[in-house]
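FYI, it's all coordinate maths here, none of it is from the lab. Source: prediction; values computed, not measured. All Cβ positions, even for glycine, are placed from backbone atoms using ideal geometry, and neighbour counts span all protein chains on display.
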Amino acid sequence: MIGYSRPPGAGKAATGHVAANGGSPVGESPSESRSCSSERPLATLRPIDSPAMNADRPATRVLIIEDEAKTAAYLEKGLSESGYAVEVATDGEEGLRLASTSAFDLVLLDVMLPRLDGWTVMEHLREVRKDLPVIFLTARDSVADRVRGLELADDYLVKPFAFSELLARVRSVLRRNARAPELVRVGDLEVDVVRQRASRAGQVLTLTPKEFLLLSLLARRSGEVLSRTVLAQEVWDIGFETDTNIIDVAVRRLRAKVDDPFEEKLIHTIRGMGYVLEVR
Ligand code: CA
């Protein structure tokens, strides 16, 4: 198992526990995985990769495309126990359909699949969901495949692998991906996450730090209705029991700057649900 760089400190947990023949993984149940403790502490990052830590936050959604029932069930169980919302597709066609039509955060993709193989799924997927992170899972072990896998996907794991190893990769890919969009564009709105600058139609918007955070969150998750609870947690770091009026006031102020001067409105209220930023 070489040819990729292992997350720092993950080495100890990386010995193969999943049986090479795809049979029952033994010796370590997913919930006892030690990879948590072997990961670097990431106190400054939001727990985007450990949704179980926050029950009010929508869980990170993982799609497993794997035809081998035992492996699929094992991964599903382990990831669910780690707090992810998991769905399984058992052939390439169904997997591609689910991945292109539903809002997943990550795909685990087997290579040898009925109907459509993993490579084909990946190629089609890249056309419709460019930014969706994919980790290839495969029994194939040749160098050529590994190179091909890494060119197309975000990471590549050769069976057999330990669940702790998979979990470390999943977290690492999600972290990388969470930081990836440095410039977000929605219509004529541009949010530069690195330089902390936002503009519409080329005009720079003067925002407070909280307003910028709120706008960048709405823009990064454009098209997704964000509840007041989620906004409160993400922007103000407060729980839902806090008066959510603070959110409405903040959104009103943000709108005054982002939408009022422009004909096309981007921030929309979804009654009883929250807010969404999108071009309509
Ligand atoms: Ca397979």
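Which of the lysines could be linked to Lys130 by a straight reach, that is with a Cα gap under 30 Å, when you skip same-chain ones fewer than 8 residues away? Within the straight-line cut-off, Lys130 pairs with Lys70, Lys77, Lys159, Lys210, Lys265. Summary of packing: across the peptides 155-165, 261-271, the per-residue average of other C-beta atoms within 10 Å ranks them, highest first, as 155-165, 261-271.
On the beta carbon distance between Arg185 and Ser102, with R0 = 35 Å, the FRET formula returns roughly 0.90. In terms of overall dimensions, the stretch 183-277 has a Cα radius of gyration and Dmax of 12.5, 38 angstrom.
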